[in-house]
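Worksheet: the structure to be examined is printed underneath.
The values are calculated or read from the model by the stated rules, or taken from the named source; none is laboratory data. It should be emphasised that the depicted structure is a prediction, and the values quoted were computed from it without experimental measurement. Here the Cβ positions follow ideal geometry from the backbone for every residue, glycine too, while neighbour counts run over all protein chains shown.
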Amino acid sequence: MTRPSVTRTFGILTAGGDCPGLNAAIRGVCRAAYDRYDMHIIGIANGYRGLIDEDVRILKPEDFSGILTRGGTILGASREKPFKRTLVRSQPKDYEIGEDKVTAIKENYRKLKLDCLVVLGGNGTNTTGYLLAQEGLNVVGLPKTIDNDIAGTDRTFGFNSALAISTDAIDRLHSTAQSHNRVMVIELMGHKAGWLALYAGVAGGGDVILLPEIPYDIKAIGRHLVQRAQSGKAFSIVVVAEGALSVEEAKMEKKDRKKYREQTAAPSIGYRVAKEIEAETKMETRATILGYVQRGGIPSASDRVLATSLGTAAAELLARGEYGRMVALIGDGIGSVDLSVPAGKVKTVPQDHYMIDTAVSVGTCMGV
Ligand code: F6P
């Protein structure tokens, strides 16, 4: 016996970087919406791009059954930003061109007779969802990312799985670093936030952890590594967030920083830090960029539970017609916040976060 619902038909899309748990969340939304409220579900391919191009298909139970443990997203994803205009530089003046993507989205939303659009994504995706809500569409957001950097939710699914993958990699680096008496630098993802590097650094016993939130001083790092060597530990593990930067770089304008980095000929921060450590300490140093491995594979149990809970909570918002909101983990419960809360923001690690003091308390150098 199905229950009454304000929403009859909704579209669902996944956008931004993929992560383990996305399919668990899709399953949570669709199973609850279909089984409990008999809603009609339109799957949208490749994020907002699919809504612009009307690249859609009706989702049936067989589409969202058996996907709980599958990595990635059955819908596909993209980083399409409908509100970002394509600026073409041309004489005599710059001008904006390109299909009006927002108009296309609004037209297709109505053509498909959607009552609501459910968007699963990170900062950018939920920001676009907020802007579309401002344009009059009914939108429900669902936060996901390995970066754990979305304002309004205490944690995002994807983070726990990436934490396990990163910690396993750090464990493996320990044995080879010890065998060769080397300094091993591992660069982790996290975009502009240091959550993944901080938690994986603590979990993996990193001797140095470098975060975007705390610009590093290579001399402080050098002193720490030399002291370790002098105390008989000739190997060290340095965990670097991809958004980390030196105190010198922190003082630069973004364009100057880009030029400076191009001169170092190092493909990313992990290699730059390794070169700086070798120059500073004369210790043999190697770099590992863990990259997209952190986003691959099946979700952890914790991510499956969080993704499913957020998905079913989104279905409840649809049934009650509570649009313009993003479901969220709040404390140890599932709630929701206005879409304006995550819009345009990045949740970075506060300087006074307890995990920083935890790391320092066990002798970790934070680059200062
Ligand atoms: O947002 C998740 C993430 O993996 C970030 O950690 C990383 O900086 C970014 O996506 C990579 O983006 P792309 O998948 O477009 O290369």
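On the basis of being under 22 Å from the mean Cα position of the chain (by Cα) and either more than 30 Å from A164 (Cα to Cα) or away from the ligand (no atom under 15 Å from the Cβ) (or both), does P215 make the cut? So P215 fits the description; yes.
Being of a type outside the set (G, A, S) and farther than 30 Å from A220 by Cβ holds for only one residue in R272, R320, R286, and it is R320. Whenever a residue of region 239-266 is under 11 Å from Y216 (Cα atoms), its partners that are part of a helix (DSSP H, G or I), lying with C-beta atoms within less than 6 angstrom and at least six residues away or across chains, give the pairs V240/I269; V240/G270; V240/V273; A244/I269; E249/R257.
Please verify whether region 292-302 includes one or more residues that are under 19 Å from R223 (Cα atoms), assigned to a helix (DSSP H, G or I), more than 16 Å from the ligand (Cβ to nearest atom) and touching a residue at least 12 places away in the same chain (Cβ under 8 Å). Within region 292-302 (the criterion being under 19 Å from R223 (Cα atoms), assigned to a helix (DSSP H, G or I), more than 16 Å from the ligand (Cβ to nearest atom) and touching a residue at least 12 places away in the same chain (Cβ under 8 Å)), the answer is no, since none of the residues qualifies. In region 139-163, the residues that are on the phi > 0 side of the Ramachandran plot and modelled with pLDDT of 95 or more form Cβ pairs under 8 Å with partners that are within 13 Å of the ligand (Cβ to nearest atom) and of a type in the set (A, V, I, L, M), at six or more places apart or across chains, as follows: N148/A193; N148/L196; G158/L22; G158/I146. A328 passes every criterion in (1) part of a helix (DSSP H, G or I); (2) buried (at least 16 other Cβ atoms within 10 Å of the Cβ); (3) of a type in the set (A, V, I, L, M, F, W, C); (4) away from the ligand (no atom under 16 Å from the Cβ) apart from (1). Restricting attention to region 309-360, which residues are touching a Lys or Arg at 6+ places or on another chain (Cβ under 9 Å) and free of Cβ contacts under 8 Å to residues at least 60 places away in the same chain? Scanning region 309-360 gives S336, D338. Which members of region 218-235 meet the condition of being among the aliphatic types (A, V, I, L, M) and part of a loop (DSSP other than H, G, I, E, B)? The answer is A234, and nothing else. As a summary of the residue check, G243 satisfies the conditions (1) touching a Cys at 6+ places or on another chain (Cβ under 6 Å); (2) assigned to a loop (DSSP other than H, G, I, E, B) except for the one numbered (1).
Taken over region 100-121, the criterion of being closer than 18 Å to L22 by Cα and either β-branched (V, I, T) or away from the ligand (no atom under 16 Å from the Cβ) (or both) is satisfied by L117, V118, V119.
Is it the case, given these coordinates, that A25 is of a type outside the set (D, E), assigned to a loop (DSSP other than H, G, I, E, B), within 16 Å of the ligand (Cβ to nearest atom) and at pLDDT 95 or above? No, not satisfied.
Please count how many residues of region 43-81 are surrounded by fewer than 16 Cβ atoms within 10 Å (Cβ to Cβ), among the acidic types (D, E) and over 15 Å from Y109 (Cβ atoms). Total satisfying the criteria: 1. The single condition from (1) crowded, with 23+ Cβ neighbours inside 10 Å; (2) within 13 Å of the ligand (Cβ to nearest atom) that G124 fails is (1). For the condition touching a residue at least 40 places away in the same chain (Cβ under 8 Å) and not basic (K, R), A220 qualifies.
Restricting attention to region 262-288, the residues that are part of a helix (DSSP H, G or I) and under 14 Å from E187 (Cβ atoms) add up to 9. Going by the structure shown, is A307 over 27 Å from G205 (Cβ atoms), within 16 Å of the ligand (Cβ to nearest atom) and in contact with a Gly (Cβ under 8 Å, 6 or more places away or on another chain)? In short, yes.
Among the conditions (1) buried (at least 24 other Cβ atoms within 10 Å of the Cβ); (2) of a type in the set (A, V, I, L, M, F, W, C); (3) in a loop (DSSP other than H, G, I, E, B); (4) more than 16 Å from the ligand (Cβ to nearest atom), V238 misses just one, which is (3). For region 28-43, the tally of residues that are in contact (Cβ under 8 Å) with a residue 60 or more places away in the chain and touching a Lys or Arg at 6+ places or on another chain (Cβ under 9 Å) stands at 4.
Checking the conditions here, which among D38, D53 is out of contact with any Leu (no Cβ under 7 Å at 6 or more places or on another chain), at positive phi and not aliphatic (A, V, I, L, M)?
Details: D53 fails: at positive phi.
Answer to the selection: D38.
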